[in-house]
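Chemist: Pasting a structure here, questions to come.
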Amino acid sequence: MKTKRQRPKLGAILAIPLPDGTYAFGRLYKECTLAIYKGRSENIKEIPDKKEYDFFVGVYADLLRDGQWPVVDTIPFENEDDSWRPPTYMKDAITGKFSIYFHGEVSPSSEQQCKGLELTAVWDRHHVIERLMGKGDVAYLPLN
C-alpha cells in the first residue's frame, strides 16, 4: 500500500499499526522522540488516554515522515520546555562511566543517578514494534 509522506509537527499523534491488528499511538516530542501512550486500540481514531505514557523512544526521522505511522491528531505543547522528553542515560562502552542526556546536553553522572532512566538510543521501526509487542532487546529498558 502506497503511503503519503507527511511532515508532523511537535505534538502530533501518530498511529502505529501493530501485527495483531491493533494500533499504538505516540506523541511527537523534540529530537524525533515519541511518547508512547499506554493502551491500544482496534480503531485508528480511538486514541487511549492522552495523559498516560508508557515510555519515550527516539526514532529515525524518516519513520515520522514516510506515512506508515499516520498523523491522526495534534496536541500542541503549552510551552517549549514541555516538548522535551525526560532525561535518558548513557554508559560509555570503554570506560563504563555514566552520563545523563537532557535538553540536548550530556552531563556526567553516577550509575545510581541513572536508575529508572531509559537508555539514550535511536530506534528503527522494527525495534519499536518489537517493544510494543513485548519482545525485543531488554538492554534498552530502563536501568534497574
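Bear in mind that the values in this text are calculations on the coordinates, not laboratory data. All of these numbers come straight from a predicted model, not from anything done at the bench. When we count neighbours, we look across all protein chains shown, and the Cβ atoms used for this are built from the backbone with ideal geometry, even at glycine.
Chemist: Need one number: nm distance between label points at residue 121 and residue 72, each 7 Å from Cα along Cα→Cβ, rounded to one decimal.
Modeler: Each label point lies 7 Å from its Cα, and together they span 2.5 nm.
Chemist: Which percent of the Cα-Cα distances in region 64-132 go past 20 Å? Present the calculation step by step, with values, prior to reporting the outcome.
Modeler: On the way: 1171 of 2346 pairs.
Of the Cα pairs, 50 percent sit more than 20 Å apart.
Chemist: With 24 Å as the limit, write out which pairs from 51/97; 38/97; 4/51; 30/135; 9/50 have Cα-Cα distances beyond it, or answer none. Working shown, then result.
Modeler: Working: 51/97 34 Å; 38/97 32 Å; 4/51 28 Å; 30/135 26 Å; 9/50 17 Å.
Those over the limit are 51/97; 38/97; 4/51; 30/135.
Chemist: By how many nm would the segment from residue 105 to residue 43 lengthen if fully extended, with 0.36 nm per residue of separation less the alpha-carbon distance?
Modeler: Numbers: separation 62, 0.36 × 62 = 22.32 nm, distance 3.83 nm.
Full-extension gain reported as 18.5 nm.
Chemist: Let me ask something else about it. Which order results if 106, 59, 72 are arranged by neighbouring Cβ count within 10 Å, fewest first? Each step should come with its number before you reach the end.
Modeler: Details: 106 11, 59 22, 72 15.
Least to most surrounded, the residues fall as 106, 72, 59.
Chemist: So in the chain, what percent of DSSP beta bridges are antiparallel if you round to the nearest 5?
Modeler: 85 percent
Chemist: Just to confirm my numbers, what's the Cα centroid distance between region 53-86 and region 12-42 in Å?
Modeler: Measuring centre to centre over Cα atoms gives 9 Å.
Chemist: Suppose the chain between residue 52 and residue 81 were pulled fully straight at 0.36 nm per residue; how much longer would it get relative to their current alpha carbon spacing?
Modeler: Working: separation 29, 0.36 × 29 = 10.44 nm, distance 1.85 nm.
Full-extension gain reported as 8.6 nm.
Chemist: I'm a student and want to see the number: the projected area of the Cα convex hull of region 1-135, averaged over all directions, in nm². Write down the numbers at each step before the final one.
Modeler: Values: hull surface 36.4 nm².
For region 1-135, averaging the hull's shadow over all directions gives 9.1 nm².
Chemist: If each DSSP helix of 4+ residues adds -39,500 (n - 2.57) and the sum is divided by the residues in the chain, what number results at 222 nm, nearest 500 deg cm²/dmol? Provide the component values of the computation, followed by the final result.
Modeler: Numbers: 3 runs with 17 residues, N = 144.
Theoretical 222 nm ellipticity from helices: -2500 deg cm²/dmol.
Chemist: So who's got an amide H within less than 5 Å of the one on residue 58, skipping anything under 5 residues away but keeping other chains? H placed 1.01 Å off N, in plane.
Modeler: Amide H neighbours of residue 58: 34, 121, 123.
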